[in-house]
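Undergrad: The structure that follows is given in the form of structure tokens.
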Amino acid sequence: DNDSIFYSVTSYDSIAYISVTGSTLQIAPYADSNGFDTIIVYVSDGLETTSQNVMIQLTAVNDTPVIFPAIADQTREEDTALWSICLTDNKNDTDNVDTELVYSISGVGGIANIYITGDTLFIEPYSDSNGIDTIIVWLGDGQETTNQTVTITLTAVNDTPVIYPVIPTQTRDEDTSP
């Protein structure tokens, strides 16, 4: 017959927001949500109503890890001793545990020996070096990677003057001209 058809849906909204617009079922997954949900779709002509259970499956996908909070740029005076930055709290990945995430660096320049061991960034300035190094800190989960640029600045300090070569002891006889 020529009756108008109305659609509706019942959902528990556990993995997605589900609605009906006209005759279109709309499924909007929640961020980082995956799994199964069952919804009930109703169709009615105003006199009779029928329903059908519909299973929805959202498949998990690997999310890119995030460096958050951002690693702060570093500034020290030249000849500073080795220092380190613990990066354990700067990594986040919704679908991988922290032990599956690995840091690495690239772009190491010429003012310091910069390296990562585990979750610790080490910066060991070269003697009497000053200037700026820009490094890229990478965080990966085995499939996806992200990165952040970190600037290392070593400011110059006034070094004590040095007489070089050392002037040897001078011995002269009295009343001798130079």
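The values are calculated or read from the model by the stated rules, or taken from the named source; none is laboratory data. Because the structure is predicted, anything quoted here is derived from the model rather than measured. Using ideal geometry, Cβ is built from the backbone for each residue, glycine included, and neighbour counts are taken over all protein chains shown. Side chains included, ligands, DNA and RNA excluded: accessible areas come from the protein's heavy atoms. Shrake-Rupley method; radii C 1.70, N 1.55, O 1.52, S 1.80 Å.
Undergrad: I'd like the residue in the range 83-95 that is β-branched (Val, Ile, Thr) and either open to solvent by less than 60 Å² (accessible area, probe 1.4 Å) or not in a loop (DSSP other than H, G, I, E, B) (or both) and, out of all such residues, is farthest from VAL61 (Cα to Cα).
TA: Residues of the range 83-95 β-branched (Val, Ile, Thr): 85, 88, 94.
Remaining after also requiring either open to solvent by less than 60 Å² (accessible area, probe 1.4 Å) or not in a loop (DSSP other than H, G, I, E, B) (or both): 85, 88.
Details: ILE85: 31, THR88: 24 Å.
Of everything passing the filter in the range 83-95, ILE85 is farthest from VAL61 (Cα to Cα).
Undergrad: Sticking with this structure for a sec: So for the range 10-29 (the condition being of a type in the set (Val, Ile, Thr) and modelled with pLDDT of 95 or more), does at least one residue qualify? Working first, answer last.
TA: Within the range 10-29, the first condition is being of a type in the set (Val, Ile, Thr), and the residues that meet it are 10, 15, 18, 20-21, 24, 27.
Within this subset, residues satisfying the condition of being modelled with pLDDT of 95 or more are none.
No: the range 10-29 contains no residue that is of a type in the set (Val, Ile, Thr) and modelled with pLDDT of 95 or more.
Undergrad: If you check ASP98 against the conditions, is it open to solvent by less than 80 Å² (accessible area, probe 1.4 Å) and acidic (Asp, Glu)? Spell out the reasoning first.
TA: On the way: open to solvent by less than 80 Å² (accessible area, probe 1.4 Å): yes; acidic (Asp, Glu): yes.
Yes: the conditions hold for ASP98.
Undergrad: Sticking with this one: Taking into account only those residues within the range 21-36 that are under 38 Å from the mean Cα position of the chain (by Cα) and farther than 24 Å from ASP93 by Cβ, which is surrounded by the fewest Cβ atoms within 10 Å (Cβ to Cβ)?
TA: Kept after step one, since they are under 38 Å from the mean Cα position of the chain (by Cα), are these residues of the range 21-36: 25-36.
Subsequent filtering for residues that are farther than 24 Å from ASP93 by Cβ retains 25-27.
Working: LEU25: 15, GLN26: 11, ILE27: 16.
My answer is GLN26.
Undergrad: Checking VAL61 against (1) surrounded by 11 or more Cβ atoms within 10 Å (Cβ to Cβ); (2) closer than 30 Å to GLN148 by Cα; (3) at pLDDT below 95; (4) not small (Gly, Ala, Ser): exactly one of these is not met. Which one?
TA: Of (1) surrounded by 11 or more Cβ atoms within 10 Å (Cβ to Cβ); (2) closer than 30 Å to GLN148 by Cα; (3) at pLDDT below 95; (4) not small (Gly, Ala, Ser), only one is false for VAL61: (1).
Undergrad: Only one residue in THR88, THR64, THR49, THR75 is more than 21 Å from ILE135 (Cβ to Cβ) and of a type in the set (Ser, Thr, Tyr), so which one is that?
TA: Numbers: THR88 fails: more than 21 Å from ILE135 (Cβ to Cβ); THR64 fails: more than 21 Å from ILE135 (Cβ to Cβ); THR75 fails: more than 21 Å from ILE135 (Cβ to Cβ).
THR49 is the lone residue from the list that is more than 21 Å from ILE135 (Cβ to Cβ) and of a type in the set (Ser, Thr, Tyr).
Undergrad: Run down THR120, THR80 and say which single residue is more than 26 Å from the chain's Cα centre (by Cα), open to solvent by less than 90 Å² (accessible area, probe 1.4 Å) and of a type in the set (Ser, Thr, Tyr).
TA: Values: THR120 fails: more than 26 Å from the chain's Cα centre (by Cα).
Just one listed residue meets the conditions, THR80.
Undergrad: Follow-up. Out of THR145, THR160, THR134, THR169, I need the residue that is touching a residue at least 40 places away in the same chain (Cβ under 8 Å) and surrounded by fewer than 16 Cβ atoms within 10 Å (Cβ to Cβ). Which one?
TA: Testing whether each residue is touching a residue at least 40 places away in the same chain (Cβ under 8 Å) and surrounded by fewer than 16 Cβ atoms within 10 Å (Cβ to Cβ) leaves just THR145.
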